[in-house]
Amino acid sequence: KAVGLETKAVQAAAASQQRIDALKDEAESLAAAERNTRATLSNLQAYDGEVGKLVAGQRDELQGLRRQIADIDVTERQLLPLARRILADLGDFVARDLPFDAKARSERLAGLHAMMDAPSVPVADKYRRVMQAYRRELGYGYDVDVYRGSLSVGGAERQVEFLRIGRIALLYRSRDGREAGYWDSAQRRWVPGGAALAHEVARGMAMAHNQA
């Protein structure tokens with residue numbers, strides 16, 4: 001009987017230790033999740049501050065443009081310098097923005113600069129096309145897009161899929177779905193995010209394709 005009681009006591013102690021170990025693992029997992037959440041929040045707050053500056057600058061510039069248009073009699077002599085200033089500001093904004101569709105946007109700006117120097121293009125058409133490009137850039141802030149492209153990560157060039165959520169986030173996922181990362185606007189670099197992020201990026205892409 002004594003041996004039986006001791007055996008039960010040992011078994012009970014082992015079960016208790018297993019529960020203690022499980023609770024310890026759960027606590028460590030929750031602590032790690034909290035640290036990751038705090039880090040993500042910090043990054044988002046930093047990026048939000050940067051976006052806030054850009055938005056404030058855009059509003060100030062837009063108000064300035066509205067005042068100019070309301071206060072002056074727009075002529076060709078006045079309209080061309082205005083279009084050039086808008087184009088220059090647009091180029092500065094694209095350079096500071098998330099690096100999505102970089103090649104297409106760069107080529108669009110180069111085409112506009114070439115058009116501005118073409119004497120055969122009427123001034124009104126120059127202004128119209130510059131404003132079209134301006135509105136197109138603004139539109140990127142209100143949609144979600146998925147596209148393929150190349151990316152240099154760790155010195156290696158690879159083909160990836162990009163997920164852009166307005167101007168809030170730009171993420172990538174490797175074609176095999178094992179790796180992912182995001183653009184850190186504060187550090188101006190790509191940051192790997194691991195398999196967990198790859199799963200979330202896949203979900204985002206499914207939503208963008210109306211599959212979820």
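The values are calculated or read from the model by the stated rules, or taken from the named source; none is laboratory data. None of the values given here were measured: they were computed from a predicted structure. Quick reminder, even Gly has a Cβ in these numbers, built from the backbone with ideal geometry, and neighbours come from all protein chains shown. In case anyone asks, the SASA skips ligands and DNA or RNA and just uses the protein heavy atoms, side chains included. Shrake-Rupley method; radii C 1.70, N 1.55, O 1.52, S 1.80 Å.
Quick notes on this structure:
- Karplus (6.51, -1.76, 1.60) ³J(HN,Hα), θ = phi - 60°, over region 14-21, in Hz, Gly and Pro reported as x: 5, 5, 4, 5, 4, 5, 4, 4
- Amide H contacts of Ala180: Ser174, Gly193, Gly194, Ala198, each under 5 Å away and 5 or more positions distant or on a separate chain (H built 1.01 Å from N in the peptide plane; Pro and chain starts excluded).
- Alpha-carbon centroids, region 95-158 and region 21-45: separation in whole Å: 39 Å
- Residue-span extension gain [Ala202 to Ala12] - 0.36 nm each, minus C-alpha spacing: 63.9 nm
- Looking at region 79-212, the accessible area is 55 square angstrom per residue; that uses a 1.4 Å probe and ignores ligands, DNA and RNA.
- Rolled with a 1.4 Å probe across the full set of protein chains, the surface gives Trp183 an accessible area near 40 Å².
- Straight Cα distances below 18 angstrom link Lys24 to the aspartates and glutamates Glu34, with same-chain residues fewer than 8 positions distant left out.
- Cα point-scatterer Debye curve for region 104-162, base-10 log of I(q)/I(0) at q = 0.15, 0.21, 0.27, 0.30 Å⁻¹: -0.65, -0.88, -1.09, -1.19
- Proximal lysines to Lys53, defined as alpha-carbon separation beneath 26 angstrom and excluding residues fewer than eight positions away on the same chain: Lys103
- Note on Ile69 and Val146: with the Förster distance fixed at 35 Å, the Cβ-Cβ geometry gives a FRET efficiency of about 0.40.
- Backbone N under 14 Å from the Ala118 label point (7 Å along Cα→Cβ), restricted to region 127-151: 127-130
- The figure for Arg164 is an accessible area of roughly 0 square angstrom, using a 1.4 Å probe on the protein chains alone.
- More than 14 angstrom apart: percent of Cα pairs within region 46-108: 67 percent
- For Asp89 and Asp125, a Förster radius of 22 Å and the Cβ-Cβ distance give a FRET efficiency of 0.65, rounded to the nearest 0.05.
- Region 76-190: translational diffusion in µm²/s, Stokes-Einstein, Kirkwood Rh over Cα pairs, 25 °C, 0.890 mPa s: 155 µm²/s
- Rolling a 1.4 angstrom probe over the chain with all protein chains present gives an accessible area of which 55% lies on carbon and sulfur atoms.
- Histogrammed with a bin width of 10 Å, the alpha carbon distances of the chain distribute as 7, 23, 24, 17, 12, 7, 4, 3, 2, 1, 0 percent, first bin at zero.
- For Asp48 and Arg136, the FRET efficiency from 1/(1 + (r/R0)^6), where r spans their Cβ atoms and R0 equals 22 Å, is about 0.35.
- In order along region 140-152, phi translates into HN-Hα couplings of 4, x, 10, 9, 10, 9, 10, 8, 9, x, 9, 8, 9 Hz, rounded to whole numbers, per the Karplus curve 6.51 cos²θ - 1.76 cosθ + 1.60 with θ = phi - 60° and x for Gly and Pro.
- Between Val144 and Gly166, the built amide H atoms are under 5 Å apart, and every one of these is 5 or more places off in sequence or on another chain.
- Integer Hz, Karplus 6.51/-1.76/1.60 couplings in order for region 161-172, x for Gly and Pro: 10, 9, 10, 10, 10, x, 10, 7, 8, 10, 10, 9
- The alpha carbon radius of gyration of region 1-93, expressed as a multiple of 2.2 N^0.38 Å, is 2.70.
- Kirkwood Rh (inverse of mean 1/r, distinct Cα pairs), region 152-212, angstrom: 11.8 Å
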